[in-house]
Amino acid sequence: NVIYIAFSGFGTSHLYLTADGGQIWIPIGGDLPDVPVNSLLIDPLYPSHLYLGNDLGVFASTNGGLSWAFYSEALPEAVLAMDLSISPSNRKLRLATHGNGVYENDLLLPETSGAGPLEGLNALRLYPNPASDKLYLEGPEVFEAELINSAGRSVRKSIGKTSLEIDLHALPDGIYYCIVRSMGAQKVIPVAVTR
């Protein structure tokens, strides 16, 4: 049910995410430059590691698109990154450019300190769902929860330490998405608000 869409053009977000098979789309390209996006690659071993090719080069994210960093070391300046792929034999990122040939670079490795961030988010408890007045979360040692409405706008944002309570009183009924972030990882959970 998780799908990413990359957009070319100017003046809009260039990357969107859905966690419900395409019913509601959330923009996640906020800190990417406003240039056309040509390709997106998800590392199959570490799905929170994304690589994006645009008209300036390659950008990488290790937190599912929450934040991006320029990943174009040793590439020509402002190279048009047209296609990205992974070489499975040596786990290298391969880049096909427009007019500058093909390049290869190492894939990013996950952080290895203690239990990984994804393990912490996999133990997350969110209840009740559907909810009416309050939403409760129990999770990793420190985490952030953001509630997004069906138009893709943030309506609540809180930081918790092992537990968190979100007040839903002023929100209209409907489907929301709770994006939980911890240590560079994120999880998206659909939430129904009904009264």
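The values are calculated or read from the model by the stated rules, or taken from the named source; none is laboratory data. Keep in mind it's a predicted model, so treat the numbers as computed, not measured. Don't worry about glycine lacking a Cβ; one is built from the backbone with ideal geometry, like all the others, and counts go over all protein chains shown. Note: accessible area is taken over every heavy atom of the protein model, side chains too, but ligands, DNA and RNA are not part of it. Shrake-Rupley method; radii C 1.70, N 1.55, O 1.52, S 1.80 Å.
What are the residues in segment 37-64 that are polar (S, T, N, Q) and either within 18 Å of Gly99 (Cα to Cα) or part of a loop (DSSP other than H, G, I, E, B) (or both), if any? I'd like the intermediate steps shown before the answer.
Of the residues in segment 37-64, the ones polar (S, T, N, Q) are 38-39, 48, 54, 61-63.
Asn38, Ser39, Ser48, Asn54, Thr62, Asn63, listed by residue number.
Considering only segment 76-107, state which residues are touching a strand residue (DSSP E or B) at 6+ places or on another chain (Cβ under 6 Å), of a type outside the set (Ser, Thr, Tyr), assigned to a strand (DSSP E or B) and surrounded by 13 or more Cβ atoms within 10 Å (Cβ to Cβ).
Those that are touching a strand residue (DSSP E or B) at 6+ places or on another chain (Cβ under 6 Å), of a type outside the set (Ser, Thr, Tyr), assigned to a strand (DSSP E or B) and surrounded by 13 or more Cβ atoms within 10 Å (Cβ to Cβ): Ala81, Met82, Asp83, Leu84, Lys92, Leu93, Arg94, Leu95, Ala96, Asn105.
Just to be sure before I move on: is Leu66 among the aliphatic types (A, V, I, L, M) and under 22 Å from Val180 (Cβ atoms) in the structure I sent? It would help to see each step written out before you state the result.
Values: among the aliphatic types (A, V, I, L, M): yes; under 22 Å from Val180 (Cβ atoms): yes.
Answer is yes for this residue.
Condition check: assigned to a strand (DSSP E or B), more than 18 Å from Met82 (Cβ to Cβ) and at pLDDT 85 or above. Does Tyr16 satisfy that? Before you say what the answer is, go through the steps one by one.
Values: assigned to a strand (DSSP E or B): yes; more than 18 Å from Met82 (Cβ to Cβ): yes; at pLDDT 85 or above: yes.
When the stated conditions are applied, Tyr16 passes them.
I need the full set of residues from segment 165-179 which are at pLDDT below 90 and β-branched (Val, Ile, Thr), in order please.
Ile175, Ile179
Just the residues that are surrounded by fewer than 13 Cβ atoms within 10 Å (Cβ to Cβ) and not β-branched (Val, Ile, Thr), please, taken from segment 151-173.
Residues satisfying the conditions are Ala151, Arg153, Ser154, Lys157, Lys161, Ser163, Glu165, Asp167, His169, Ala170, Pro172, Asp173.
Under the condition of being part of a strand (DSSP E or B) and open to solvent by 10 Å² or more (accessible area, probe 1.4 Å), which residue from segment 180-195 is modelled with the lowest pLDDT? So that I can check it myself, show each step before the final result.
First pass over segment 180-195, keeping only residues part of a strand (DSSP E or B): 180-182, 185-193.
In the following step, the residues that additionally are open to solvent by 10 Å² or more (accessible area, probe 1.4 Å) were identified as 181, 186-190, 192.
On the way: Arg181: 79, Gln186: 73, Lys187: 79, Val188: 80, Ile189: 84, Pro190: 85, Ala192: 90.
Filtering first and then ranking leaves Gln186.
For segment 10-25, which residues satisfy the criterion of being of a type in the set (A, V, I, L, M, F, W, C) and crowded, with 21+ Cβ neighbours inside 10 Å? Steps first, please.
Going residue by residue through segment 10-25, those that are of a type in the set (A, V, I, L, M, F, W, C) are 10, 15, 17, 19, 24-25.
Of everything in segment 10-25, those that are of a type in the set (A, V, I, L, M, F, W, C) and crowded, with 21+ Cβ neighbours inside 10 Å turn out to be Leu15, Leu17.
Taking segment 53-75 as the search range and keeping residues that are within 21 Å of Ile148 (Cβ to Cβ) and among the hydrophobic types (A, V, I, L, M, F, W, C), which one is most open to solvent (accessible area, probe 1.4 Å)?
Per the stated criteria, the residue is Leu66.
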